[in-house]
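Read through the structure below, which is laid out as structure tokens, and then see the notes.
The values are calculated or read from the model by the stated rules, or taken from the named source; none is laboratory data. Quick caveat, the model's predicted, so the values are computed rather than measured. FYI the Cβ positions are ideal-geometry reconstructions off the backbone, even for glycines, and counts take in every protein chain you see. Surface areas here come from the heavy atoms of the whole protein model, side chains and all, with no ligands, DNA or RNA. Shrake-Rupley method; radii C 1.70, N 1.55, O 1.52, S 1.80 Å.
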Amino acid sequence: MKDVEIGPVTASNDRPLTIIAGPCQLESLDHARMIATEMARVCDAHGAQFVFKGSYDKANRTSLSGQRGLGMDEGLAIHAAIRKEFGCPVLTDVHAPDQCAPVAEVCDILQIPAFLSRQTDLLLAAGETGAAINVKKGQFLAPWDMANVVDKVESTGNRRILLTERGVSFGYNALVADMRSLPEMMKTGYPVVMDATHAVAQPGGLGGASGGQREFAPVLARAAVALGIGAVFLETHEDPDNAPSDGPNMIRLADMDGVIRTLMALDAVAKADPARI
């Protein structure tokens, strides 16, 4: 298994679990600081590695009226402040090749959204920054197809790669998480991430917005961690029902302590005897 060094964090399928957590959409510095404070506390208490995430632009909203976010300049300023204050790596999405270099000047991890996971120019531009790259597997891709994605990023000389499962399309407005995809992607050796919150989304399920079943996010996280993966991606908010984006599938911040405590207990068991295929 490959270790991916990201500041103070070492992401690996053989190392203690990394928690990638934060709001779906950045709202303000004070809001990001509030969430980072609680998540850093919880992760430290239970022995998890912590990466803060937040999006400055939700470019793939269901409808034109959906809130996009703060924009790159304000969003990156928030990430820089969180990184400095908490000493944790920070992650955000990129949607176009020309965004990669400026984002990499601030953020430790560039995330390729699932819908864009086969966009060669974007993958190459991201890889060329030298930042860690987290690629979310497209809802339309088989897990073994991610080997081609890895080849594209590796062609830039960048081997700081994470691969994320976030569910596969299963009929209209529905996703299903196939746990077989996790050990399949682990065959690459790179850290595998389970996006437990987006995997319970119902894309476009509310007509002009996506729905979701947040009660199942901790369930999927437990199942994934039991396989001995490298990281779990969990979006969180203190009031998900009033969040500007992805509220139906985000975990309440007040519930994260219990969720992380359980995940770390499962991680210890799983890493002692990881699943292999």
Residues (open to solvent by 30 Å² or more (accessible area, probe 1.4 Å) and under 18 Å from the mean Cα position of the chain (by Cα)) located in segment 81-95: Arg83, His95
So Asp57, is it modelled with pLDDT under 95 and over 27 Å from Met186 (Cβ atoms): yes
Return yes when Ile277 is of a type in the set (Val, Ile, Thr) and touching a Leu at 6+ places or on another chain (Cβ under 9 Å) and no when it is not. no
Select from segment 106-128 the residues that are touching a residue at least 12 places away in the same chain (Cβ under 8 Å) and part of a loop (DSSP other than H, G, I, E, B) and write down the one among them that is surrounded by the most Cβ atoms within 10 Å (Cβ to Cβ). Cys107
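Residue-by-condition table, conditions (1) in contact with a helix residue (DSSP H, G or I) (Cβ under 8 Å, 6 or more places away or on another chain); (2) under 24 Å from Pro203 (Cα atoms); (3) of a type in the set (Phe, Trp, Tyr):
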{"position": "Arg118", "(1), (2), (3)": "yes, yes, no"}
{"position": "Leu122", "(1), (2), (3)": "yes, yes, no"}
{"position": "Gly127", "(1), (2), (3)": "yes, no, no"}
{"position": "Ala131", "(1), (2), (3)": "yes, no, no"}
{"position": "Asn134", "(1), (2), (3)": "no, yes, no"}
{"position": "Gly138", "(1), (2), (3)": "yes, yes, no"}
{"position": "Trp144", "(1), (2), (3)": "yes, yes, yes"}
{"position": "Asn148", "(1), (2), (3)": "no, no, no"}
{"position": "Asp151", "(1), (2), (3)": "no, no, no"}
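Each row is one residue, and each column tells you yes or no for (1) over 25 Å from Ser12 (Cα atoms); (2) surrounded by fewer than 23 Cβ atoms within 10 Å (Cβ to Cβ).
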position: Asp178; (1), (2): no, yes
position: Pro203; (1), (2): yes, yes
position: Val219; (1), (2): no, yes
position: Gly228; (1), (2): no, no
position: Val259; (1), (2): no, no
For segment 32-55, how many residues meet the condition of being open to solvent by 10 Å² or more (accessible area, probe 1.4 Å) and either farther than 15 Å from Arg83 by Cα or out of contact with any strand residue (DSSP E or B) (no Cβ under 9 Å at 6 or more places or on another chain) (or both)? 9
Residues of segment 255-267 being touching a residue at least 24 places away in the same chain (Cβ under 8 Å) and not charged (D, E, K, R), in sequence order, are Met256, Val259, Ile260, Thr262, Leu263, Met264, Leu266
Take Thr62 and tell me if it is at pLDDT below 95 and among the hydroxyl-bearing types (Ser, Thr, Tyr). yes
Among the residues of segment 261-275, count how many are among the acidic types (Asp, Glu) and surrounded by 16 or more Cβ atoms within 10 Å (Cβ to Cβ). 1
